[in-house]
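Step one of this worksheet: look at the structure below.
The values are calculated or read from the model by the stated rules, or taken from the named source; none is laboratory data. It should be emphasised that the depicted structure is a prediction, and the values quoted were computed from it without experimental measurement. Note: ideal-geometry Cβ built from the backbone for every residue, glycine included; neighbour counts use all protein chains shown. Side chains are part of the model used for accessible areas, which takes the heavy atoms of the whole protein and leaves out ligands, DNA and RNA. Shrake-Rupley method; radii C 1.70, N 1.55, O 1.52, S 1.80 Å.
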Protein chains: 2
Amino acid sequence: MAPTPPLAPPARGGGFQELRNAVAEIVGPTGLLTEAADIAPYETDWRGLYHGRTPFVVRPANTAEVASVVRLCAAHGVGIVPQGGNTSMVGGATPSEDASQIVLSLARMRRVRDVDAVDMTLTIEAGATWKAAQQAAEGAGALLPLSIASEGSAQVGGILATNAGGNNTVRYGNARDLVLGLEVVLADGSVIAGLRRLRKDNTGYCLRQLFVGAEGTLGIITAAVLRLVPRPVEVEVALCAVPSPEAALDLFTRFQRHDPAAVQAFEYMSGTGMDLVLAHIPGATLPLAERAEHYALVELATPRPRAGLRAAMEEVLEMALADGIVADAAIAESGARRAAIWRLREEHAEAQRLEGASVKNDVSVPVSKIPDLLRRGRAACESLIPRCRIVPFGHMGDGNIHFNIAQPVGADPAAFLARSHEIMDTVNAVVRDLGGSFSAEHGVGRLKTYLMREWRGGAELETMRRIKAALDPAGILNASAVFPVGHS
Amino acid sequence: MAPTPPLAPPARGGGFQELRNAVAEIVGPTGLLTEAADIAPYETDWRGLYHGRTPFVVRPANTAEVASVVRLCAAHGVGIVPQGGNTSMVGGATPSEDASQIVLSLARMRRVRDVDAVDMTLTIEAGATWKAAQQAAEGAGALLPLSIASEGSAQVGGILATNAGGNNTVRYGNARDLVLGLEVVLADGSVIAGLRRLRKDNTGYCLRQLFVGAEGTLGIITAAVLRLVPRPVEVEVALCAVPSPEAALDLFTRFQRHDPAAVQAFEYMSGTGMDLVLAHIPGATLPLAERAEHYALVELATPRPRAGLRAAMEEVLEMALADGIVADAAIAESGARRAAIWRLREEHAEAQRLEGASVKNDVSVPVSKIPDLLRRGRAACESLIPRCRIVPFGHMGDGNIHFNIAQPVGADPAAFLARSHEIMDTVNAVVRDLGGSFSAEHGVGRLKTYLMREWRGGAELETMRRIKAALDPAGILNASAVFPVGHS
């Protein structure tokens with residue numbers, strides 16, 4: 001988890017003078033940041049786990065400039081860290097500590113190139129925020145169906161490069177499922193002009209899906225064609241108290257079988273997590289008569305006119321109440337109530353922060369194994385650190401639980417955090433036994449590279465290495481991410 | 001289009017004696033075919049475009065045997081053509097004419113390894129027919145939502161290796177959208193054991209999407225985890241006479257906006273094509289008062305109970321009739337009627353065959369460009385060959401039209417077919433201008449390799465070549481497919 005200690009850093013920009021001048025020729029003065037104060041925000045990830053150093057930050061204005069800069073860096077053998085909104089949870093966009101890598105920010109490339117309400121496609125540049133992309137879709141009367149907490153800052157390029165997930169994956173898939181076409185600058189500065197708007201195209205290898213999720217290590221995404229869907233006209237949100245993780249799973253299955261196309265989100269929360277939210281977040285109230293050990297949040301939505309979603313919600317919940325699957329449920333009566341229920345879920349991270357130290361795990365298992373994960377993960381952690389508090393929450397409908405552990409009440413935060421790796425390993429051991437993944441939606445970044453060999457070693461990692469070597473033989477693209485380097 | 005003339009062929013098995021004996025050691029007598037009569041079916045594609053030769057056919061019983069055989073072939077530098085149900089439309093599974101490649105059939109590997117009604121996943125071996133996979137899903141009360149005409153013969157491995165499409169792509173995507181995990185034997189005999197059942201997993205490159213659609217050139221898919229969906233409980237099918245291609249598109253858009261999750265298929269047919277079906281196919285009748293120049297077939301389906309799809313179908317069609325978008329429509333009153341309407345669509349290929357020679361194009365364009373494709377494609381072909389008959393039909397909802405051209409009445413079939421390339425080029429020129437693809441769902445195979453340089457040349461083809469060289473440096477896997485070899 002701790003970053004590698006920095007090598008003796010060259011003076012900022014030292015040794016990079018020639019390259020910097022050549023880059024300035026390409027991007028002009030507005031495209032180059034060289035002052036320490038201007039550069040600082042690009043050198044640290046937002047979780048504050050990594051403090052890198054970079055000789056300068058380049059902010060190209062268009063694809064041709066990106067290509068020229070990459071070509072130049074390739075000629076100089078200088079590494080590049082592509083950076084979008086800098087909201088990585090795993091340090092995936094932070095330069096190394098030895099000031100050997102320049103940061104290439106896509107932030108100036110934010111043009112909507114095209115939006116088509118018949119094709120239901122949005123063609124947009126990588127530096128646009130996801131929020132801006134959502135708004136462009138909305139302007140065409142459509143929905144860009146992926147939503148994550150950081151969407152106001154996170155950029156299209158970063159969301160695609162990390163294959164972001166979020167709350168609506170259960171209905172619309174991950175970021176990769178929204179990508180029809182990509183424009184990518186490769187490590188040699190050549191450009192894949194793949195902004196096709198086709199639903200079917202079997203002409204060779206599916207390159208776009210290789211760049212999506214590669215975290216900028218194979219190429220720099222400069223623009224994308226995204227798939228849009230019709231906007232929902234009815235939305236219903238309910239918060240349910242459920243007697244057990246198994247009951248939560250049963251409830252999810254019932255909604256899925258009833259009308260899978262309407263299940264927009266299905267989130268799990270623990271009693272412990274909800275207690276923290278209610279204790280720390282001003283205005284947070286539980287819309288149920290009593291607290292519970294387990295909660296499920298379900299959102300139904302549909303573009304169908306007169307779909308009667310409220311009746312569908314009530315029907316499934318009444319049956320579940322009768323069968324003892326649900327102990328109590330509240331269906332939101334207004335948009336404000338819906339937002340209030342969602343807030344109970346979204347404020348989990350903040351409530352944990354206010355409670356003290358916590359260790360985060362972004363894991364996934366097959367959906368059917370979620371109850372096993374919750375029970376076995378709890379037992380394993382409590383046996384490791386007595387009185388630690390298990391705060392699992394997240395996207396139950398797609399098997400992705402943020403299995404977070406809060407420090408014991410009154411314990412020393414630093415002492416607790418010093419055991420981060422032990423705790424993560426403990427959770428991961430359960431996850432692995434259940435056929436799961438150590439990173440469901442956050443990616444590998446720099447934080448989790450050390451897990452790659454054990455989890456994806458052998459033929460998988462070897463294949464990834466071969467692809468990396470084939471597409472970026474000099475290793476100049478985001479060299480600190482994804483691959484285990486210097487780990488045995 | 002014509003295959004390369006065969007090199008002087010070695011005697012069958014000549015030069016392969018040692019390899020054959022070693023392979024026999026691995027797979028035993030039931031796993032090896034060496035008699036000419038046994039081998040013959042594997043040497044020709046089902047369209048009869050290619051007549052390859054192979055020294056022997058190996059039929060491994062399990063993944064370990066596949067890996068051992070591949071390792072052996074790698075050591076001998078002998079090429080392998082993986083073959084599933086041998087239903088490729090583009091010669092993608094036929095060995096070359098010089099008897100230098102062995103055929104590896106997956107047909108004996110057809111075990112259902114797991115089916116899970118909670119996870120909604122099916123884990124199945126590559127040699128199972130797609131039909132068998134569908135039946136396994138059905139046995140668990142679920143639907144494997146991809147349907148193609150050849151599903152009784154086509155195998156899971158081939159369908160994934162070619163990223164098959166079919167009638168329901170508009171709703172569920174292509175084959176790649178159904179793949180959660182893959183087991184793949186690589187060119188060196190190592191095995192990617194990636195049969196994960198996860199909806200979210202961001203741990204390095206998305207290798208599965210690289211093997212899907214690679215047509216067996218990067219690895220041999222031996223098993224897959226496929227995504228299932230709930231079975232529809234209501235289905236409605238309508239045949240509509242529409243006044244123009246633009247009206248057909250408008251109708252599609254109306255259904256999509258009304259309830260995208262219910263649009264299971266949206267097919268276009270021309271008046272010319274329908275006339276051929278009605279003339280040649282016994283029992284085919286038009287359920288409309290008059291013939292039309294353009295038809296649309298729409299299928300709605302949903303797992304929602306009491307969804308009232310019939311009313312939804314009627315509502316959209318009545319509005320469309322009132323607006324002049326639809327001239328006449330028939331909603332099927334029974335399962336038999338639904339099948340009869342679908343038969344009008346499915347028999348298009350057979351009707352064309354009975355009418356004489358025809359040239360087939362499996363092209364796609366952005367959905368919004370379908371009317372342009374139909375008009376401009378027709379004009380271009382009629383100007384090339386006066387009185388040829390344009391018989392476009394297919395998956396309008398995903399932009400994929402089988403733009404087929406039937407010979408002029410009374411013309412010499414051979415003379416017409418001699419101009420196949422000219423006709424294909426004529427259609428492709430229009431497709432390209434509209435931002436489309438020369439192969440929507442059939443793949444490249446051997447038939448269309450010559451188009452790769454022009455259409456996907458530059459950085460895309462170079463990237464594909466690098467990936468191929470990285471994963472199969474000796475070039476032993478399906479060497480005749482996908483890449484342009486010996487073309488300028």
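Name the one entry in B:233, B:229 that is open to solvent by 10 Å² or more (accessible area, probe 1.4 Å) and farther than 26 Å from residue B:442 by Cα.
B:233
Determine, yes or no, whether residue B:183 is open to solvent by 10 Å² or more (accessible area, probe 1.4 Å), within 11 Å of another protein chain (Cβ to nearest Cβ) and either in a strand (DSSP E or B) or in contact with a Ser or Thr (Cβ under 7 Å, 6 or more places away or on another chain) (or both).
Working: open to solvent by 10 Å² or more (accessible area, probe 1.4 Å): yes; within 11 Å of another protein chain (Cβ to nearest Cβ): yes; either in a strand (DSSP E or B) or in contact with a Ser or Thr (Cβ under 7 Å, 6 or more places away or on another chain) (or both): yes.
Yes; evaluated as a whole, the condition is true for this residue.
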Checklist entry - Name the residues in the stretch B:220-261 that are part of a loop (DSSP other than H, G, I, E, B) and touching a Pro at 6+ places or on another chain (Cβ under 9 Å), would you? => result B:228, B:231, B:232, B:233, B:244, B:259
Next on the checklist: Being within 25 Å of residue B:75 (Cα to Cα) and at pLDDT 95 or above: is that true of residue B:175 here?
Outcome noted: no
Checklist entry - What single numbered condition from (1) assigned to a loop (DSSP other than H, G, I, E, B); (2) of a type in the set (Asp, Glu); (3) open to solvent by less than 40 Å² (accessible area, probe 1.4 Å) fails to hold for residue A:188? => result (3)
Next on the checklist: Cβ-Cβ under 6 Å, sequence separation 6+ or interchain: first residue in the stretch B:163-177 and more than 9 Å from every other protein chain (Cβ to nearest Cβ), partner assigned to a helix (DSSP H, G or I) and aliphatic (A, V, I, L, M). Which pairs?
Outcome noted: B:175/B:159; B:175/B:160
Checklist entry - Restricting the stretch B:338-359 to residues that are in contact with a strand residue (DSSP E or B) (Cβ under 7 Å, 6 or more places away or on another chain) and of a type in the set (D, E, K, R), which is most open to solvent (accessible area, probe 1.4 Å)? => result B:338
Checklist entry - residue A:418: touching a helix residue (DSSP H, G or I) at 6+ places or on another chain (Cβ under 8 Å), open to solvent by 10 Å² or more (accessible area, probe 1.4 Å) and over 29 Å from residue A:173 (Cα atoms), yes or no? => result no
Next on the checklist: Any residue in the stretch A:203-221 that is under 16 Å from residue B:160 (Cα atoms) and facing chain B (nearest Cβ under 9 Å) sitting within a Cβ distance under 8 Å of a residue that is surrounded by 24 or more Cβ atoms within 10 Å (Cβ to Cβ) and among the basic types (Lys, Arg)? List the pairs, counting only those 6 or more apart or interchain.
Outcome noted: A:203/B:448; A:203/B:456; A:204/B:456
Next on the checklist: Please go through the stretch B:240-266 and give me each residue that is crowded, with 22+ Cβ neighbours inside 10 Å and away from every other protein chain (no Cβ under 14 Å), ordered by number.
Outcome noted: B:240, B:241, B:242
Checklist entry - In the list B:467, B:423, which residue meets the criterion of being over 22 Å from the mean Cα position of the chain (by Cα), open to solvent by less than 20 Å² (accessible area, probe 1.4 Å) and in contact (Cβ under 8 Å) with a residue 24 or more places away in the chain? => result B:467
Item to check | Sole residue being modelled with pLDDT of 95 or more and either more than 24 Å from the chain's Cα centre (by Cα) or surrounded by 24 or more Cβ atoms within 10 Å (Cβ to Cβ) (or both), chosen from A:479, A:474 | outcome: A:474
Next on the checklist: Step by step: first the residues of the stretch B:262-278, then only those that are assigned to a helix (DSSP H, G or I) and of a type in the set (Gly, Ala, Ser), then the one that is nearest to residue B:146 (Cα to Cα). Which residue is that?
Outcome noted: B:262
Checklist entry - Where residues in the stretch A:431-443 are open to solvent by less than 10 Å² (accessible area, probe 1.4 Å) and out of contact with any Asp or Glu (no Cβ under 7 Å at 6 or more places or on another chain), which of them is farthest from residue A:369 (Cα to Cα)? => result A:438
Checklist outcome for this item: Residues of the stretch B:314-330 being buried (at least 20 other Cβ atoms within 10 Å of the Cβ) and either closer than 18 Å to residue B:233 by Cα or of a type outside the set (A, V, I, L, M, F, W, C) (or both), in sequence order, are none
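Do any strands (runs of 3 or more DSSP E) lying entirely in the stretch A:57-148 carry at least 3 residues that are open to solvent by less than 30 Å² (accessible area, probe 1.4 Å), within 14 Å of another protein chain (Cβ to nearest Cβ) and not basic (Lys, Arg), and which ones are they?
Because the criterion is at least 3 residues that are open to solvent by less than 30 Å² (accessible area, probe 1.4 Å), within 14 Å of another protein chain (Cβ to nearest Cβ) and not basic (Lys, Arg), the strands (runs of 3 or more DSSP E) in the stretch A:57-148 that meet it are A:121-125.
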Item to check | Matching residues, the stretch B:372-387, being open to solvent by 10 Å² or more (accessible area, probe 1.4 Å) and either of a type outside the set (A, V, I, L, M) or touching a Cys at 6+ places or on another chain (Cβ under 8 Å) (or both) | outcome: B:372, B:375, B:376, B:378, B:382, B:383, B:386, B:387
Next on the checklist: I'm trying to understand the selection: among the residues of the stretch A:267-285, which are open to solvent by 10 Å² or more (accessible area, probe 1.4 Å) and of a type in the set (Ser, Thr, Tyr)?
Outcome noted: A:272, A:285
Checklist entry - Inside the stretch A:392-488, counting only helices (runs of 4 or more DSSP H) that do not spill past its ends, which hold 1 or more residues that are within 7 Å of chain B (Cβ to nearest Cβ)? => result A:452-456, A:459-471
